[in-house]
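Remarks on the structure that follows.
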Amino acid sequence: MKKDFLWWRDGIIYQIYPRSYADTQNDGIGDLQGIINKLGYIQDLGVDAIWLSPIYPSPDVDFGYDVAEYTDIDPKFGTMKDFDQLVKEAKKRGIRIILDLVLNHTSDQHSWFIESKRSKDNPYHDWYLWRDPKPNGDPPNNWQSVFGGSAWEFVPELGQYYYHMFYKEQPDVNWRHPKVRAAMLDVFRFWLKKGVAGFRLDVFNAYFKDSAFRDNPTKIGLRAFDRQEHIYDVSQPEMIPLLNEIREICDQFKETYVVGETFLADAAQSAAYCGDDKLHAAFNIGFAHNRWHPKRFLTASLKWYEALGEKAWPNNHLSNHDVQRTATRYCFGEDDRRAKVAAAMLLTLKGTPFVYYGEEIGLRDIPIRKKEDIKDPVGITFWPFYKGRDGCRSPMQWNSELNAGFSQAKPWLPVHENFPDRNVIRQASYPDSLLNFFKSIIEIRKKEPALQRGDFYPLVENPRHILAYLRRQEEDQVAVILNFSSRNLEFDLPDGKWISLLDQDKQISDSIKMNPYGVALLKLQT
C-alpha cells in the first residue's frame, strides 16, 4: 500500500444493513457475529471500510432509525463485546468501521423522551420541541411530516404538541438546548474511543429548525409535504457552528471521516456543509436517481465537482437502504451487463465509492405484491403509490441452500426467488460473473493512483451512448470507456499508446471497438 494512501479518499466503503447480512442467532435477523464471520469475504472483495446502518437499541418503528439508546448495542444484533470484537477483527484486515448516527430525533421509547413527556416542568421537557396549540387548538404551524400527515403530535395530558419530521414515534430533539448538544457530542466521543473510524450522519441538516417556528411557504406538489417550500424546518444557519464542533472532536482521533446525508438539499447546499472545518463529505443524492443515460451521469458528476471545488473530496453511490437497487433500476431481467457498466462507473469516477451490500452480485429488489406483506411503515402509509423500502433490504444471498445461506430460520424479509442462481458461491465460480468483475475493477483501482485520487476530464462533452473520461494523477493516466447502449460502437481514443487493464495488457491505438454494454479501462503508456 502506498504511504500516502488515505482510506476514506482513496479506498472503497461498503454499506451493510445488519438485519439482512448474516444471521448466526437463527432468529431471522442478521447480527454482528454474522458480519464478523463474513469479514474474510469483505476483505477479499477489496473494500476499506464498512458503514453499518444503526445497531443501537430500537423498537424498530423505522428499523433502527428510531434510537432508544445511543451508546449500546441492540440485543438482536449482539452485545458490546461483539462490537468490540468486530472492530478488532476488522482492523486486523485493514477494514475500518463507520457508524450511522441518527441524531435529529430519538425513539419515543428513549429515556429522554419518556421523561420529557411526564410534565412541562420536567428537566427533560425542553430536550424536545414542544409547543402550545394555536388558540383554536390547531398545531403550532403548517409543518408536515415527510412520512405523511402533520409533523405535530398532540399530547392531551400536557396540552401541547411535539414535533416529528418523520414518524410520531421519532420525536425531534431540541439541538438548541445546551444539554442536548453536549449529550449528542458525547455520543461521538464514546464511539471514537471504541475505535470507530467515522460516522454517517442521518439527515443532519434537519437538526435545527427555525427558532420562531414560522409557517413554510406553500407551492404546488402531490403530497402535503411536497406542497411546501422547506425553508424553516431544515437547513438552518446554526448547523455550521455545530459542524465545526463535530469536526474538532473527530480530528482529535487519527484519520476519522464524517459524511452527511443532506436532506432536501441540492448539490450546492450539500457542498456548503463540507470543508476542512466541517464535514469531510456529503452524499450526492441526485446522482443515484439518474435515468440510464451517460449524459445524465456526466452532468450530475460535473455539477457535484463544481459545487465542491477544492474544499472537499466527493463521493458517489448508486444504491443504499432507502432507494431501489441499481440492478433493479437499470437491468433487464437477470441480464447483468448494465450492472457491470454501473459498477465500473461507480468505482472509477472521481470520488469515494459507496457500495451497498449485494450490489457486487447484482441483487434485485424483492417484489412487493400485497400490502399485507409490507414491513416498512412508509410503504403501508402510501400504498399502492409507494411500496416502501423493503425491496432493497432483503437478505444477502450467500449460496443456493436454505434461505440463501442467510439464516436457518425464516428471514425477517423474504429472500429473492432468484437466489439459487444469484448468490456469492455460484458467482465466485464463474470468471465472467458480476462479482468477479467487481473484484477485477477494485483490484485495478487499488493499483492505479489516477483511479483513486486523480483529476477528472470528460472525453465526450455531450455523450449520447458512451460515457468516456480520463482520470489523471501526475504521469498516471487511465481512460474509462463505458458503452451505455445495446449497440456495437467504436470510440476514438486520445493520442498516445494505450494498454488495456481488463484484457491481458492488450495494446490499443487510435480507436477501440466497444461491445454492447461494454467496459474498457485503458492506461496510457509513458
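The values are calculated or read from the model by the stated rules, or taken from the named source; none is laboratory data. Not measured: the values here are computed from a predicted model. Here the Cβ is made from the backbone with ideal geometry for all residues, glycine too, and neighbour counts use every protein chain on show.
Answer yes or no: is there a residue in the range 151-158 that is surrounded by fewer than 19 Cβ atoms within 10 Å (Cβ to Cβ), more than 23 Å from residue 262 (Cα to Cα), modelled with pLDDT of 95 or more and charged (D, E, K, R). Spell out how you get there, then give the answer.
If we filter the range 151-158 for residues that are surrounded by fewer than 19 Cβ atoms within 10 Å (Cβ to Cβ), which is where we start, we get 153-158.
Next cut, more than 23 Å from residue 262 (Cα to Cα) only: 153-158.
Still in the running and modelled with pLDDT of 95 or more: 153-158.
After this cut, where a residue has to be charged (D, E, K, R) as well, the list is 153, 157.
Yes: one or more hits.
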Open item on the list: Quick check on residue 23: is it closer than 21 Å to residue 394 by Cα, of a type in the set (Asp, Glu) and in contact with a helix residue (DSSP H, G or I) (Cβ under 6 Å, 6 or more places away or on another chain)?
Closed with: yes
TODO: Please state which of the following conditions residue 60 fails to meet, knowing it meets all the rest: (1) touching a residue at least 24 places away in the same chain (Cβ under 8 Å); (2) surrounded by fewer than 23 Cβ atoms within 10 Å (Cβ to Cβ).
DONE: (1)
- [ ] Take the range 234-253 and flag every residue that is among the small types (Gly, Ala, Ser) and without any contact (Cβ under 8 Å) to a residue 24 or more places away in the chain.
- [x] none
TODO: Please determine, by comparing only the residues of the range 174-199 that are in contact with a strand residue (DSSP E or B) (Cβ under 6 Å, 6 or more places away or on another chain) and β-branched (Val, Ile, Thr), which one is surrounded by the most Cβ atoms within 10 Å (Cβ to Cβ).
DONE: 196
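Here is a list: 263, 287, 253. Which entry is under 17 Å from the mean Cα position of the chain (by Cα), farther than 30 Å from residue 462 by Cβ and either buried (at least 21 other Cβ atoms within 10 Å of the Cβ) or not acidic (Asp, Glu) (or both)? Step through it out loud before you land on a result.
Numbers: 287 fails: farther than 30 Å from residue 462 by Cβ; 253 fails: under 17 Å from the mean Cα position of the chain (by Cα).
Criteria check complete, one pass: 263.
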TODO: Inspect the range 484-506 for any residue being surrounded by 17 or more Cβ atoms within 10 Å (Cβ to Cβ), polar (S, T, N, Q), in contact with a strand residue (DSSP E or B) (Cβ under 7 Å, 6 or more places away or on another chain) and farther than 30 Å from residue 398 by Cα and give the result as yes or no.
DONE: no
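Among the candidates 473, 408, 427, 477, single out the residue that is under 19 Å from residue 44 (Cβ atoms) and either buried (at least 18 other Cβ atoms within 10 Å of the Cβ) or in contact with a helix residue (DSSP H, G or I) (Cβ under 9 Å, 6 or more places away or on another chain) (or both). Even if it seems obvious, please write down each step before you answer.
Details: 473 fails: under 19 Å from residue 44 (Cβ atoms); 408 fails: under 19 Å from residue 44 (Cβ atoms); 477 fails: under 19 Å from residue 44 (Cβ atoms).
Being under 19 Å from residue 44 (Cβ atoms) and either buried (at least 18 other Cβ atoms within 10 Å of the Cβ) or in contact with a helix residue (DSSP H, G or I) (Cβ under 9 Å, 6 or more places away or on another chain) (or both) holds for just one of 473, 408, 427, 477, which is 427.
Anything in the range 12-37 that is more than 20 Å from the chain's Cα centre (by Cα) and of a type outside the set (S, T, N, Q)? List them, or say none.
Filtering the range 12-37 for residues more than 20 Å from the chain's Cα centre (by Cα) gives 23-29, 33-34, 36-37.
Within the range 12-37, 23, 27, 28, 29, 34, 36 qualify.
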Task: Scan of the range 110-124 for residues that are free of Cβ contacts under 8 Å to residues at least 12 places away in the same chain and within 13 Å of residue 155 (Cα to Cα), ordered by number - done: 114, 118
Open item on the list: Given (1) modelled with pLDDT of 95 or more; (2) over 25 Å from the mean Cα position of the chain (by Cα); (3) in a loop (DSSP other than H, G, I, E, B), identify the lone condition not met by residue 457.
Closed with: (3)
Open item on the list: Every residue in the range 336-369 that is modelled with pLDDT of 95 or more, assigned to a loop (DSSP other than H, G, I, E, B) and over 24 Å from residue 405 (Cβ atoms), please.
Closed with: 349, 350, 351
Open item on the list: Let me confirm something: among 267, 224, 197, 212, which residue is of a type in the set (A, V, I, L, M), under 29 Å from residue 297 (Cα atoms) and outside the structural domain of residue 149 (by TED's automatic domain parsing)?
Closed with: 267
- [ ] Return yes or no: is residue 513 without any contact (Cβ under 8 Å) to a residue 40 or more places away in the chain, assigned to a strand (DSSP E or B) and farther than 19 Å from residue 295 by Cα?
- [x] yes
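If I ask for residues that are under 20 Å from residue 281 (Cα atoms) and out of contact with any helix residue (DSSP H, G or I) (no Cβ under 8 Å at 6 or more places or on another chain), which ones from the range 202-215 would you list?
Let us first name the residues in the range 202-215 that are under 20 Å from residue 281 (Cα atoms), namely 202-208.
Within the range 202-215, 202, 203, 206 qualify.
Does residue 161 satisfy the criteria of being of a type in the set (Ser, Thr, Tyr), assigned to a strand (DSSP E or B) and either modelled with pLDDT of 95 or more or on the phi < 0 side of the Ramachandran plot (or both)?
Working: of a type in the set (Ser, Thr, Tyr): yes; assigned to a strand (DSSP E or B): yes; either modelled with pLDDT of 95 or more or on the phi < 0 side of the Ramachandran plot (or both): yes.
Yes; evaluated as a whole, the condition is true for this residue.
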Task: Answer residue from the range 69-105, given it is outside any helix (DSSP H, G or I) and acidic (Asp, Glu) and is farthest from residue 31 (Cα to Cα) among those - done: 69
